[in-house]
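What follows is calculated from the coordinates using simple rules that are stated; it is not laboratory data. Being a predicted model, the structure only gives us computed values, none of them experimental. Please note: Cβ atoms are built from the backbone with ideal geometry, for glycine as well, and neighbour counts cover all protein chains shown.
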Amino acid sequence: MRIGITCYPSHGGSGVVATELGKLLAERGHDIHFITYDMPFRLGKFMQNIRYHGVEANRYAVFKYPPYDLALASRMAQVAKTYELDLLHVHYAVPHAIAAVLAKQMVGEHLKVVTTLHGTDITVLGEDPSLRDVICFGINKSDAVTAVSQSLVKQTYELFCSDRPIDCIYNFVDTRIYYPRDVAHICEKYGAPHEKILLHISNFRPVKRPLDVIEVFYKVQQEIPARLLLVGEGPELPKVIQKVEDLGLTDRVIFLGKQDEVAALISLADLLLLPSEKESFGLVALEAMACGVPTVASNAGGIPEVVEHEVTGFLADPGDTDSMSRFAIRLLRDERLYQSFSEAGLARVREKFCGLKIVEQYEQIYYRLLEK
Ligand code: GMT
């Protein structure tokens, strides 16, 4: 098949999933065309059947806002015509689904549109009156819609009262990249051998509750020698830095900023913290599981579909940092429990979230549409 993929190319779960899916589809012989405003950061090495088409919005002086959505729709249509695409698979509803529907109108009915909902495009933006109707339009006019967890499927139905079918296709990890790596040689950079390493990776937006990460860590390090690695940047970061200082944790917390390759960093950690307010899936918890690292998280949204409570990690209500720290301490102190969580996580990844199985589910949807 000839497939156009549009996503946010910057750091973020939806862009990662879209890029990894494109790479796997290319490995299976499909022609993949990324249509994005920048090269997706995970695209990596050159592959003959992957092309990149940039999107540039005109900044003409009359425009208060450069018309990116229209430029995207126009580029999608252009690429679809030139390369005779069979379908556009867009990740994140706003504005990608709407731009794709517009492109389809320019190109013709034969161009199919698949929209994958990732979370905040529904749970946050879907509640914004300025976007609600247009998101609903994008969902209803797509030829197929998928969501990354059952929880997100349910929330989409509730918010939009839509009766169009939405398939749940879980996110996945490439286990050739995410596996328990031997990182002994870099461990000493981040902590002494007797110290446990806790890790948080996010975009530091309020929905991730990064201040709770610091609270949990504060309680853990009172009981167990530990360090905290923080990966990513975002609006809450200044508050996080302040809290780290206020609690006297400066020499225990390491800020690593944005990182492109996190597999080795994850393998370095003993525990991942993900105390989010909202989370449709929690890709980073899956990546951690694939590296044999258990997670202590909130039970928000789709997280319980990824992290099995008391089997591969522990879950508590968002904001309940007392329970989260108690769970973390219990897990870090009990070697046998830790080992069983780590092994159960690896098995769960193989069983439910392996790339090959997931890519086949997307292919089934594509073939179903093209046969129609
Ligand atoms: O977490 C974010 O704010 C980024 C967002 C994105 O678009 O990258 O993440 C969403 O999509 C990821 C990939 O499907 C999911 O793993 C995240 O759970 C989801 N984030 C939220 O629902 C808050």
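A few notes on this one:
- Contact annotation: no residue pair with Cβ atoms under 8 Å, 6 or more positions apart or on different chains, pairs a residue in region 118-140 that is touching a residue at least 24 places away in the same chain (Cβ under 8 Å) with a partner that is loosely packed, with under 14 Cβ neighbours inside 10 Å and in a helix (DSSP H, G or I).
- Of everything listed in (1) within 16 Å of the ligand (Cβ to nearest atom); (2) under 21 Å from Ile365 (Cβ atoms); (3) out of contact with any Asp or Glu (no Cβ under 6 Å at 6 or more places or on another chain), the single unmet condition for Met76 is (1).
- In region 24-47, the residue that is farthest from Cys354 (Cα to Cα) out of those that are within 16 Å of the ligand (Cβ to nearest atom) and of a type in the set (D, E, K, R) is Asp38.
- Residue in region 53-68 that is in a helix (DSSP H, G or I) and out of contact with any Phe, Trp or Tyr (no Cβ under 9 Å at 6 or more places or on another chain) present: no
- Within region 229-285, the set of residues being of a type in the set (Ser, Thr, Tyr) and either buried (at least 18 other Cβ atoms within 10 Å of the Cβ) or within 15 Å of the ligand (Cβ to nearest atom) (or both) comprises Ser267, Ser276, Ser280.
- Contacts under 7 angstrom Cβ, first residue in region 291-316 being within 18 Å of Val148 (Cβ to Cβ), partner assigned to a strand (DSSP E or B) and of a type in the set (D, E, K, R), 6 or more apart: none
- Among the residues of region 140-152, those that are in contact with a strand residue (DSSP E or B) (Cβ under 6 Å, 6 or more places away or on another chain), closer than 22 Å to Tyr367 by Cα and within 16 Å of the ligand (Cβ to nearest atom) comprise Val145, Thr146, Ala147.
- Filter pass, Leu199 being surrounded by 20 or more Cβ atoms within 10 Å (Cβ to Cβ) and touching a residue at least 24 places away in the same chain (Cβ under 8 Å): yes
- Members of region 89-138 found to be in a helix (DSSP H, G or I), among the charged types (D, E, K, R) and either farther than 16 Å from Gly15 by Cα or away from the ligand (no atom under 16 Å from the Cβ) (or both), listed by number: Lys104, Glu127, Arg132, Asp133
- Residue list for region 35-88, filter: loosely packed, with under 12 Cβ neighbours inside 10 Å and among the hydroxyl-bearing types (Ser, Thr, Tyr): Tyr60, Tyr65, Thr82
- Hits in region 235-260 - residues which are over 24 Å from Ile303 (Cβ atoms), within 22 Å of the chain's Cα centre (by Cα) and charged (D, E, K, R): Asp260
- Test: residue in region 311-331 that is in a helix (DSSP H, G or I) and under 30 Å from Leu111 (Cα atoms): no
- Qualifying positions in region 166-196 - away from the ligand (no atom under 12 Å from the Cβ), farther than 18 Å from Tyr338 by Cα and either among the aliphatic types (A, V, I, L, M) or free of Cβ contacts under 8 Å to residues at least 12 places away in the same chain (or both): Ile166, Arg176, Ile177, Val183, Ala184, His185, Ile186, Glu188, Lys189, Ala192
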